[in-house]
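Working notes for the structure below.
The values are calculated or read from the model by the stated rules, or taken from the named source; none is laboratory data. Bear in mind that the values here come from a model prediction, so they are computed numbers and not experimental data. Cβ placement follows ideal geometry from the backbone for every residue including glycine, while neighbour counts extend to all protein chains displayed.
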Amino acid sequence: METSKTQRQMTTDARESSPDARRAAAEPVPPLRVAVWILAMLLVFAALIFVPAGRLDWVPGWVYMGLLTLYVVTAWVYLQQWNPELIARRMRIGAGTKTWDKIWSLLNAPVMGAVYIVAGFEVRHAETLLPGINWLLGLLLFVPGTALLIWSMTANPFFEKTVRIQHDHDHRVIDTGPYAFVRHPGYAGFVGWLVGTPLLLLSAWAFVPALLTVVGILIRTVLEDRTLRAELPGYADYAARVRFYLIPGVW
């Protein structure tokens, strides 16, 4: 039974690594499809923020949507220039995604969504909102965090949205750009996004799901790192050179 399973996996890997599969993966995504995908994602975020708030005149909410739109458009422009293949690959779940990561994604999505829902509901009780000065601190976390995310995606052609060994794309270790300093810079940037969001939306209670999501990110970081050590050639040597997960000199 195990031999049969291994043979099927080898056949799948061979098929995914075929020239036809590579050409299909390299085909550019039509701009209209990208635009629809971006618009749909922004509409989801807007709904999570403004529906619970019950109002459309919430200025921090609109400013946040502006920052989010700037991030998404900038990421698309940079990926189009440096890693155009990654655009299509980040719009789907690749074959061979680890089962544990699928479970993690299902558990993490509602917790992250709760960050925006809680902030929206808190707007109905303005007396509990954080002082406006906190918005600047949120900006100092969110903007560098999203910038680090974009840098990580442009430096790493294997920056898909799920954890898998990408046999169909000759997966290899990336040790340039931010990966010369930490092994998972994209997650570090995402933490900046998550912690900055409650401050930008001036919501104290939104920190509860935000910090829970950060804990989830830390768990995923460790699990992904173990997967890469075990299955990606050269990663163990890379980990010996670049010792920290997210923050140089800390962890």
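Observations on the structure shown:
- Number of positions in the range 118-148 that are over 22 Å from the mean Cα position of the chain (by Cα), touching a residue at least 12 places away in the same chain (Cβ under 8 Å) and in a helix (DSSP H, G or I): 7
- Single unsatisfied condition, ALA240 versus (1) touching a residue at least 40 places away in the same chain (Cβ under 8 Å); (2) assigned to a helix (DSSP H, G or I); (3) surrounded by fewer than 21 Cβ atoms within 10 Å (Cβ to Cβ): (1)
- Options ALA109, ALA75, ALA88: the member that is at pLDDT below 90 and under 16 Å from the mean Cα position of the chain (by Cα): ALA88
- In the range 127-135 there is no residue matching the filter, namely being under 22 Å from PHE244 (Cα atoms) and hydroxyl-bearing (Ser, Thr, Tyr).
- Number of the condition not met by ASN134 [criteria: (1) modelled with pLDDT under 95; (2) surrounded by fewer than 16 Cβ atoms within 10 Å (Cβ to Cβ)]: (2)
- Boolean, VAL115 is in contact with a Ser or Thr (Cβ under 8 Å, 6 or more places away or on another chain), at pLDDT 95 or above, assigned to a helix (DSSP H, G or I) and not charged (D, E, K, R): yes
- The residues of the range 90-140 that are under 13 Å from THR197 (Cα atoms) and out of contact with any helix residue (DSSP H, G or I) (no Cβ under 8 Å at 6 or more places or on another chain) amount to a single one, LEU136.
- Matching residues, the range 41-92, being assigned to a loop (DSSP other than H, G, I, E, B) and loosely packed, with under 15 Cβ neighbours inside 10 Å: GLY54, ARG55, LEU56, ASP57, MET91, ARG92
- Scoring ASP168 on the criteria (1) modelled with pLDDT of 95 or more; (2) farther than 15 Å from MET112 by Cα; (3) outside any loop (DSSP other than H, G, I, E, B) leaves a single failure, condition (1).
- Filter result for ILE219 (within 20 Å of ARG90 (Cα to Cα) and assigned to a helix (DSSP H, G or I)): no
- Residue selection: GLY192 fails the criterion of being assigned to a helix (DSSP H, G or I), touching a Leu at 6+ places or on another chain (Cβ under 6 Å) and over 28 Å from THR99 (Cα atoms).
- Contact map, the range 37-60: residues that are under 16 Å from LEU201 (Cβ atoms) paired with residues that are exposed (fewer than 11 other Cβ atoms within 10 Å of the Cβ) and among the aliphatic types (A, V, I, L, M), Cβ distance under 9 Å, separation 6+ or inter-chain. Pairs shown: PHE50/LEU56.
- Inclusion of THR162 among residues that are surrounded by 15 or more Cβ atoms within 10 Å (Cβ to Cβ) and in a helix (DSSP H, G or I) is not warranted.
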